[in-house]
1. Restricted to the stretch 189-222, and to residues that are open to solvent by 80 Å² or more (accessible area, probe 1.4 Å) and acidic (Asp, Glu), which residue is farthest from the chain's Cα centre (by Cα)?
2. Kindly check whether there is at least one residue in the stretch 119-134 that is open to solvent by less than 20 Å² (accessible area, probe 1.4 Å), within 20 Å of residue 96 (Cβ to Cβ) and without any contact (Cβ under 8 Å) to a residue 40 or more places away in the chain.
3. Within the stretch 40-83, how many residues are of a type in the set (S, T, N, Q) and buried (at least 19 other Cβ atoms within 10 Å of the Cβ)?
4. Please count how many residues of the stretch 146-188 are modelled with pLDDT under 90 and open to solvent by less than 20 Å² (accessible area, probe 1.4 Å).
5. Within the stretch 119-140, restricting attention to residues that are touching a Pro at 6+ places or on another chain (Cβ under 7 Å) and over 30 Å from residue 62 (Cβ atoms), which residue is modelled with the highest pLDDT?
6. If you take the residues in the stretch 86-118 that are surrounded by fewer than 16 Cβ atoms within 10 Å (Cβ to Cβ), farther than 25 Å from residue 144 by Cα and in contact with a strand residue (DSSP E or B) (Cβ under 8 Å, 6 or more places away or on another chain), which one is modelled with the lowest pLDDT?
7. So how many residues does the stretch 232-253 have that are buried (at least 22 other Cβ atoms within 10 Å of the Cβ) and modelled with pLDDT under 95?
Amino acid sequence: MRISVAILLTLSAQGLCAELSREATKKRADALVRQLGHPEWVKREQAIQDLIKLGEPSLPALREALRSVKNDLEVLRRSRVAITKILKGLRTKNSLGMEMSHVPAGRFTMGSPQSEAGRRSDEVPHRVRITEYFLLGKYEVTQTEFYKLMGFNPSGFWNFGEGKKRVPRAGKQRYPVENVTWFDALEFCNRLSKKDGYDCYYQLTNVKLKDKSIVGATVKIQGGNGYRLPTEAEWEHACRAGSSMPFYFGIRNTGKQSNIKASYRTGGYGTRYKAWKDLSKTTYIGRYPANEWRLHDMLGNVAEWVQDYYSPLYYRASPKKDPTGPETGRHRVIRGG
């Protein structure tokens, strides 16, 4: 499971502001964004510098400019520059000490070409545009981080799990948590949002527990600025990091690039890559090289929940901009090997 910060971050790094201050800040940001298109170069330059100084509270106005302004290339360019600089100045650690990496907006081809060995029939290649920058966990969520927030550890590879003999007793605090339900992942996001002073992105009602894991619930997406799971499209965009190869590290895995278990393709999740090597267990986060956007273990170690429902036909009808998956379904998507 990997945790993503919601795209819209409207709180300042200093904490909550009074409603009056928020409204004044919003008006200030809106006025500065309008000034980005001023005929005088000096005023355009001053506006972009003031927006960068204003920081995180100016992001909603800048993003609205990217959505609504169509023909003014100067406003679009300066808005993108301001967003990039503001995001680089944001906190990249949360209250649990989890490091976050910036993922830029952009276009990419989601899915895989028919010539790619081991592909599935539902991986129809299609162009997708991610319109917003966001922050994504640099590493997979660790057992320690999960336990601190949730109060239990469902993992098999730890001191009291079924895989305890296959991993060292010491050092498991840096191993990824596994055996997490999709509902557990949402609850983790909500609890971390509360801890960091953000609004919960999800609402869970009619919760059903098995031991301490959530195995069922009615889920409503409330939106807002809290932590959430990435969509499948956001996940693949972050994983590829600009690459169009079968892996972000190339065309084959020798065991030095990633910890992925492979098998012959039999109609399930297997593949024909016989040369792959894996440890037959999880390992500590960050053991393998990161991709170009400083994200580790995007392929391998553990698979990760994303927000979307699954449908074998969705790629054929997916929206080109910020797809969020089918509206209904029986299963949620996992990615990552």
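1. By that ranking, first place goes to 211.
2. No.
3. The qualifying residues number 2.
4. Selection size over the stretch 146-188: 5.
5. Out of the qualifying residues, it is 125.
6. The qualifying residue modelled with the lowest pLDDT is 88.
7. 2
Table: residues versus (1) within 18 Å of residue 123 (Cα to Cα); (2) modelled with pLDDT under 85; (3) part of a loop (DSSP other than H, G, I, E, B).
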site	(1), (2), (3)
255	no, yes, yes
258	no, no, yes
261	no, yes, yes
266	yes, yes, yes
273	yes, yes, yes
293	no, no, yes
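The values are calculated or read from the model by the stated rules, or taken from the named source; none is laboratory data. Please read these numbers as outputs of a predicted model, since none were measured by experiment. Using ideal geometry, Cβ is built from the backbone for each residue, glycine included, and neighbour counts are taken over all protein chains shown. Areas reflect the complete protein model, heavy atoms only, side chains present, ligands, DNA and RNA absent. Shrake-Rupley method; radii C 1.70, N 1.55, O 1.52, S 1.80 Å.
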